[in-house]
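Step one of this worksheet: look at the structure below.
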Amino acid sequence: MKNYFIDTHSHIDMIEEFSVETIIKKANENDVKKIIIPSADESSFEPILKICEKYENVFCMLGVFPQEVRKWNDKTAENIINLAKNNKKVVGIGEIGLDYYWDTSFINLQKEVFIKQIEIANELKLPIAVHDREAHKDTFDIITKYNKGSDVLLHCFSGSVEFARECVKAGFYLALGGVVTFKNAKKMKEVAIDMPLERLMLETDAPYLTPVPHRGKTNEPKYIPLIAQEIANLRSINVEEVAKITSENAEKVFKI
Ligand code: NI
């Protein structure tokens, strides 16, 4: 029985309050045994890879976040491919996708770079971790049209039950985080009950979206058990089952 958790999306490089060493130690003490760090832009690749080099059970994804795509250039693709090919700790391409919440003035560029990064993942045979904020339809359409063979994880899933069903049907995995513990997050609780466990993964998206009862504090991987427990309560199952299946899913998709 796998009675440990995996945080599939944690920006531990961006947590200023504690050292990486402390964060990982506390995660371990709370049975969070593996952590995957996504990148936001090219400048984060090197520091993230350094963390992965130092800690055995920390892995990473390389990619450019939708709000950072104006920094994309031809060398970025080359850089991602070279680093991924030469480093076993690179287990995915992420976080990539579409964000129509913050700034919608460069949507076409977001789409273009999203497609380019899907193609890179396909070439490298790596999964993609997708950020979709208020862009459900375009995100879904681009993935189903352009993705050729990479596993898909929609990180910090924020759609309806109907959209979750559509994604599951398309073979995607969904990651749920701290939002599921929020009292008013009715939609997310419905998704947590409805979706098959075989398609679910856990994430903190630290330092953001801290779960109840720690809202207002900095989020960290050590809080994953609170998210798992909430999902277990909603589904009326044991937290061990959530740990086991979500860890198996992450290990299969990211080969960790
Ligand atoms: Ni993120």
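The values are calculated or read from the model by the stated rules, or taken from the named source; none is laboratory data. Note that the coordinates shown come from a computational prediction; the quantities given were computed from them, not determined experimentally. Note that each Cβ is placed from the backbone with ideal geometry, even for glycine, and that neighbours are counted across all protein chains shown. Surface areas here come from the heavy atoms of the whole protein model, side chains and all, with no ligands, DNA or RNA. Shrake-Rupley method; radii C 1.70, N 1.55, O 1.52, S 1.80 Å.
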**Asked** Which three semi-axes in whole Å describe the equivalent ellipsoid of segment 32-142, each the square root of 5 times a Cα gyration tensor eigenvalue, listed largest first?
**Response** 24, 14, 13
**Message:** As a test of the formula, what do you get for the chain when each DSSP H run with n ≥ 4 contributes -39,500 (n - 2.57) and the sum is divided by the residue count, at 222 nm and rounded to the nearest 500 deg cm²/dmol?
**Reply:** -13000 deg cm²/dmol
**Prompt:** For segment 71-90, list residues with backbone N below 11 Å from a point placed 7 Å from the Cα of L109 toward its Cβ?
**Reply:** 71-73
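Which longest run of the chain has no exposed loop site in it, a site being trypsin sites (Lys or Arg not before Pro) in a DSSP loop with at most 12 other beta carbons within 10 Å, and the site itself not part of the run?
Counting only loop sites that pass the neighbour cut-off, the longest clear stretch is 1-87.
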**Message:** Over the chain, with the other protein chains present, what is the accessible area per residue in square angstrom, probe 1.4 angstrom?
**Reply:** 46
**Request:** Report in % the part of the accessible area of segment 5-254 that belongs to carbon and sulfur, leaving out ligands and nucleic acids; probe 1.4 Å.
**Result:** 49
**Request:** Quote the charge dipole size of the chain about the Cα centre in Debye, to the nearest 20; the model charges only the Cβ of Lys and Arg (+1) and of Asp and Glu (-1).
**Result:** 440
**Message:** Using amide H atoms built in the peptide plane, which far-off residues or other-chain residues are under 5 Å from F59 H to H?
**Reply:** I35, I36, I37
**Message:** Run the simple label-point estimate for N3 and N86 please: 7 Å along Cα→C-beta, distance reported in nm.
**Reply:** 4.3
**Item:** Computed label-point distance, nm, for sites E78 and R235 using a 7 Å Cα→Cβ extension
**Value:** 4.6
**Prompt:** Per residue and in Å³, how big is the convex hull formed by the alpha-carbon atoms of the chain?
**Reply:** 116
**Message:** Placing unit charges on C-beta atoms (Lys and Arg positive, Asp and Glu negative, everything else neutral), compute the dipole magnitude of segment 171-255 about its Cα centre in debye, rounded to 20.
**Reply:** 280
**Item:** Label point 7 Å beyond Cα of D194 along Cβ direction - residues of segment 153-173 with amide nitrogen under 15 Å
**Value:** 157-170
**Request:** Could you please state, rounded to a whole Å, how far the C-alpha centre of segment 44-99 is from the C-alpha centre of segment 186-247?
**Result:** 25
**Asked** lysines within cross-link reach of K111: Cα-Cα under 19 Å, excluding same-chain residues under 8 positions apart?
**Response** K71, K75, K137, K145, K148
